[in-house]
Amino acid sequence: MKQARSLRIRIFLVENGIILAFILLVVALTFSSEFFLTGPNIRNVLRQASINGLLAIGMTFVILTAGIDLSVGSVLAFGGMIAAIFASSSLGEQYPLYVALPMGLAAGAMLGMVNGSLVAFFRVPPFVVTLGMLSIARGLTLISSDGMPVSRLSPEYIYVGQGMVAGIPVPVLIFFGVLGLAWLLLYQTPFGRYVYAVGGNEEAARISGVNTRMVKFTVYAISGCLAALGGIILSARTTAGLPQAGVAYELDAIAAVVIGGTSLAGGQGRLFGTLIGVLIIAVVNNGLDLLGVSAYYQLTFKGAIIVAAVLLDSMRQR
Amino acid sequence: MTFPVGRSDVATSEAAMPPQSGLILDVQGISKRFPGVQALSDVSIQVRPGTVHALVGENGAGKSTLMKILIGWHRRDRGEITLKGQVVDFHEPKQALDAGISIIQQELSAIGDMSIAENLFLGREPRRAGAFIDYPGMNALAKDAMAELELDLDPWQKMKTLSVAQMQLVEIAKAISYEADIIIMDEPTSALGDREIEHLMASIRKLKARGTGIIYISHKLEEVFEIADEVTVLRDGHHIASMPTGETDRDGLIRLMIGREAKGFPKTNTPTTQPLLEVEQLTREGEFRDVSFTLHKGEILGVFGLMGAGKSELLNALFSVTRATSGSVTFQGKRLRARYPSQAMRNNMALITEDRKATGLILPMSVRDNMAISTLGRHTRFGFVSALGVGRVVSSMSRDLDVRMASPRQLVKFLSGGNQQKVVLGRWLLTKPSLLMLDEPTRGIDIGAKAEIYRFMSEFVDQGKGIVLASSELPEVLGMSDRILVMKAGRMAGILSREQASEEAVMQLAV
């Protein structure tokens, strides 16, 4: 009985090494910086994590089907820009939040659907499709804003990025809300199982009557939509739609998913792992800031963490 | 958001059955052309309710293609399919499933990271509140589906933790659980032991009693005669004959399948007494233990054992794919100290693995590249590969082995199983090995190519070389081996000489 329990604990540790690493990181930072474990700083970390978190949730869906979405950074900029244009008083009429928000989301979802159709129905490799979209969406952002920041946003719009509810920043609430919905979708609905099935063995899924093309199409649409949501939050936080927003954000999103133990080969991974991956990246960025490490070293360090996480995982697999 | 909705209930379709007199499935004049090959020409097959219709033929005869057309995976070029009196035209496997055709695929298609229950009910998960998966309900249904085959596993268990035989049983349980009118079973017993095959046969009889029509594809003619009511023979994509199984016998079927008398085993070699490979007390913890034998020059040593006996594991250790935990191997008079396959290869050993698609071939590369990949170093000038030199050796090897292909530039994935196996063989022969280890060398390849591989084996050892032949096909082991090492649960059960070896003697040791 006792042995069985210690075995179960060992299995838990092996399966959840990344959580342990996260806890160690938090403990280490708590001891090396007095600011780290304070309310304002935790709030700050979570707020920073929320945008990458939204991208990473979408990315988890895509990567589980053995795909990749390199366009999320640009789609984020486009979605944020479109919403900002509707919420701004400097470019014609200023629309209320309930118009601006859906417009931005729809813009992102549409670009995601373009990705999804090309991948699912025309069988173009996801890497190529989304690499193209990375450029196209950035171009569309620049076209729609004429390359200029779009400011003078409505206060209700800015609230989405800067507001607080019961001491919790709105972006953090949105992130955890989306995480909950994503969890339901991935683990409690047939669609979620099909996402795993398509990544695990597409042919078997199709023979079992799964509409594999629809599944692939949908995950890119989800990713595009969540990227736009991230873009809306970012523009609201910075009080302007910025044409250069979100450059290279896809890297952090992919990194979070991979650190969380999701296999790039598809079919294997957990949403919870992605959450931990997102938190690790945010905590590392924040911690290095607090410790006064230069940005150059931060980049190097972050890259090393990504490789180390995957190394750990491949050693576990053996 | 819209979800692709599966068949939400496990529908019973008795009500939809036509009167007993009719056919449940009538397939007429199917033709299908793939780039470069006419896979099927004017093939017909009729299935009556409550019967098993066997489909036999060599590999490449078109059996699997025909089935993939039936389930809507491939589109046909010509022909008509009538299911339960209605002409049908499927574009997607889902439509075939909904119309009442389910399939057990030849190649296992489990999704490793999902549970047994999730695999069983993929595409038709029971739901609650319309949107969410009813996990308890699904697991209970999974238990029932598995009980049909006397399979007692935890429905939560991940598919990848199962043995190959268990996975195949789950696949079978899945196909049965659709309660389809037509169940296609494509080589359903390839990984099963005798007891599990019995369970399958029992369920098939129950399905027959229920009025289900079954299309049964198998290379094992014994099974065909045990279970099938009718049999159709295909050869090279043509319909050769259909008849009640009672009106033919094993030899008759084989004659139809190959269109000529079946050849025996061309065995011409005579072993010497000079040792080539001496294995002493070789052990690898958890896989096999205390294996000792001597292989002589000019000898074929058969290694026989049922699933899980440790045959492949033994070969892998001999070729340094894995490392033995104790024991010694002496090869050509020298103690072997290889730690990696590349070193074993340099010692003139060769291993042709069991699963040629997974570990033998590089499917998207050409025949030429696949054959030459291990010996490119011998055809370089100043570090550059000489295309001319490679082309020459590959052409001559392909000729020797009679690889049938359009050109050496053809991609290996477009060849039939037998020709793919010859490509793997050719690659290893180019390394000029003096010991060849073959793991199930004729699995899934047609009778013609088998005979050629057997003939080659005899010629090979006659040059003073040796072969270790691991196989679970008893006739092959008996026919080709000079001596037979029988393994059972990781241990040596005995070594029989050619004179001592009979089916009975070998099986006595193996079980």
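Laid out as a table, the results:
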item: Relative contact order for chain A, counting Cα pairs under 8 Å that sit 6 or more residues apart, in percent; result: 31
item: Mean ellipticity per residue at 222 nm, deg cm²/dmol - from DSSP H runs of n ≥ 4 across chain A, formula -39500 (n - 2.57); result: -25500 deg cm²/dmol
item: Overall dimensions of chain B as given by Cα atoms, namely Rg and Dmax in Å; result: 24.7, 76
item: Centre separation in Å (Cα based) which lies between the range B:282-301 and the range B:376-413; result: 34
item: Cβ crowding within 10 Å averaged over residues, with A:240-248, A:278-286 ranked highest first; result: A:278-286, A:240-248
item: Beta bridges by DSSP in chain B, antiparallel share as percent, to the nearest 5; result: 55
item: Cβ-based exposure ranking for B:Met371, A:Met164, B:Met67, in which fewest neighbours within 10 Å come first; result: A:Met164, B:Met67, B:Met371
item: Over 21 Å [Cα-Cα, the range B:316-409], rounded percent; result: 47
item: Helix-only [θ]222 nm of chain B, DSSP H runs n ≥ 4, -39500 (n - 2.57) each, per residue, nearest 500; result: -9000 deg cm²/dmol
item: The range B:159-215: GluC sites (Glu not before Pro) in DSSP loop, at most 16 other beta carbons within 10 Å; result: B:Glu179
item: Long-range Cα-Cα pairs in chain A (distance over 35 Å), rounded percent; result: 21
item: Candidates A:Ser145, A:Ser208, A:Ser74: whichever shows maximal mean-square fluctuation once chain A is modelled as a Gaussian network with Cα springs under 10 Å; result: A:Ser208
item: Size-normalised alpha-carbon gyration radius of the protein assembly as shown, reference 2.2 N^0.38 Å; result: 1.10
item: 5 angstrom amide H check on B:Met487, placed H, neighbours 5+ away; result: B:Phe304, B:Gly305, B:Ala493
item: Sorted by Cβ neighbour density within 10 Å, fewest at the top, the residues A:Phe272, A:Phe31, B:Phe288; result: A:Phe31, A:Phe272, B:Phe288
item: Sparse-neighbourhood loop sites, chymotrypsin sites (Phe, Trp or Tyr not before Pro) in the range B:54-130 - DSSP loop, at most 15 other Cβ within 10 angstrom; result: none
item: The range B:400-483: C-alpha pair distances exceeding 20 Å, %; result: 32
item: Exercise: per-residue mean of other protein chain Cβ atoms within 10 Å, B:71-81; result: 1
item: For B:Ile30, net neighbour charge (Lys/Arg +1, Asp/Glu -1) across residues whose Cβ lies under 13 Å away; result: +2
item: Proximal lysines relative to B:Lys311, as straight alpha-carbon distance under 20 Å, when same-chain residues fewer than 8 apart are discounted; result: B:Lys357, B:Lys488
item: Within the range A:143-222, trypsin sites (Lys or Arg not before Pro) in DSSP loop having at most 15 other beta-carbon neighbours inside 10 Å; result: A:Arg152
item: Percent of beta bridges antiparallel (DSSP, the protein assembly as shown, rounded to nearest 5); result: 55
item: Sequence ranges A:88-94, A:175-181, ranked by mean other-Cβ count within 10 angstrom, highest first; result: A:175-181, A:88-94
item: Order of B:Leu200, A:Leu251 - criterion: other Cβ atoms within 10 Å of each residue's Cβ, fewest first; result: A:Leu251, B:Leu200
item: Averaged over A:184-193, number of beta-carbon atoms from partner chains that fall within 10 Å; result: 6
item: Relative contact order (%) - criterion: Cα under 8 Å, at least six apart; region: the range A:27-160; result: 29
item: Net charge dipole size for the range B:239-357 [Lys, Arg +1 and Asp, Glu -1 on Cβ; Debye, nearest 20]; result: 600
item: 10 Å Cβ neighbours from other chains, averaged over peptide B:92-105; result: 3
item: q = 0.11, 0.13, 0.16, 0.19 Å⁻¹: log10 I(q)/I(0) that the Debye formula gives for the range A:129-262, counting C-alpha atoms only; result: -0.54, -0.73, -1.01, -1.22
item: Alpha-carbon radius of gyration plus Dmax, which is the widest Cα pair, for the range B:53-111 in Å; result: 12.1, 35
item: Cα principal axis extents for the range B:364-432, largest first, Å; result: 37, 23, 16
item: For the range B:212-228 and the range B:106-156, distance of Cα centres in Å; result: 27
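Each reported figure results from applying straightforward, stated rules to the coordinates on display, with no laboratory input. Model, not experiment: these values are computed from the prediction. Positions of Cβ are generated from backbone atoms using ideal geometry, with glycine treated the same way; all protein chains shown enter the neighbour counts.
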